[in-house]
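One structure below.
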Amino acid sequence: MTSRVTFISPAMNRSLREARFDDGSPLDASGAARAESAAGTLPTADRVLVSPTVRCRETASALGLAARDEPGLRAPDMGRWRGRTLDEVGGAEPDAMARWLTDPAAAPPGGESVRDLCERVAGWLDASAEVTGRTLAVVEPEIVRAVVVTVLKAPQAAFWRLDVPPLTATEVSGRSGRWNLRLGQPLGTRTGARR
């Protein structure tokens, strides 16, 4: 039994553009337009999931996907840093920011560590290995990073070395817990559909 999961990163919004921890901002006009131009280019799927954030839900909608929220793929909890930029947090809490960027076990105050995020995503992947067919999931970039770290069995510190551009697809396929990885394919246009 082979399971395929295609993780799609969300389109651009103000938070992504400003390097701001998600604050519930909607897609900006260019992000929505790019997602809409890729509608209809994704392969058909047996199930369609979405991280329960505004930008992921709006991206899924712009792509023409009827997705259901998947709590196991939720964005990491950023605690009191939510809505603040990296620069703001770095200026106000430099030691906490430095620990968070270097120690996967360190968490934002009141939030979730990279280690906890990777473990949560690894558990979700294990369960997905039992699901046959194709799954599409519009997820936050941090979820894609955690997937890559997990599939490659990379050190969790590698999480911060992975860039996930907007509107790219990262696919894992496998069976019995052994995953193969296809990284960062840009979403096509209507004429360049990939099936």
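Residues of region 27-39 being open to solvent by 50 Å² or more (accessible area, probe 1.4 Å) and under 18 Å from residue 170 (Cα atoms), which ones? 34, the sole residue that qualifies.
Of these, 125, 73, 27, 65, which one is among the hydrophobic types (A, V, I, L, M, F, W, C), touching a strand residue (DSSP E or B) at 6+ places or on another chain (Cβ under 8 Å) and modelled with pLDDT under 95?
On the way: 73 fails: modelled with pLDDT under 95; 27 fails: modelled with pLDDT under 95; 65 fails: modelled with pLDDT under 95.
That would be 125, the only listed residue that is among the hydrophobic types (A, V, I, L, M, F, W, C), touching a strand residue (DSSP E or B) at 6+ places or on another chain (Cβ under 8 Å) and modelled with pLDDT under 95.
If the condition is being more than 14 Å from residue 51 (Cβ to Cβ) and either surrounded by fewer than 18 Cβ atoms within 10 Å (Cβ to Cβ) or not aromatic (Phe, Trp, Tyr) (or both), then region 12-26 contributes 12, 14, 17, 18, 19, 20, 23, 25, 26. Residue 9 meets each of the listed conditions (1) small (Gly, Ala, Ser); (2) at pLDDT 95 or above; (3) open to solvent by 10 Å² or more (accessible area, probe 1.4 Å); (4) under 14 Å from residue 187 (Cα atoms) apart from (3). Has region 96-103 got any residue that is touching a residue at least 12 places away in the same chain (Cβ under 8 Å) and among the basic types (Lys, Arg)? No.
Provide a single number: the residues in region 40-57 that are under 16 Å from the mean Cα position of the chain (by Cα) and open to solvent by 70 Å² or more (accessible area, probe 1.4 Å). So the count comes out to 1.
Scanning region 14-56 for residues that are in contact (Cβ under 8 Å) with a residue 24 or more places away in the chain and part of a helix (DSSP H, G or I) gives 15, 16, 31, 32, 34, 35, 36, 37, 38, 54, 55, 56.
The values are calculated or read from the model by the stated rules, or taken from the named source; none is laboratory data. Here the structure is a predicted model, which means the values were calculated and not measured. Positions of Cβ are backbone-derived with ideal geometry, glycine not excepted, and every protein chain shown enters the neighbour counts. When the accessible area is computed, the model is the full protein with side chains, heavy atoms only, and any ligands, DNA or RNA have been set aside. Shrake-Rupley method; radii C 1.70, N 1.55, O 1.52, S 1.80 Å.
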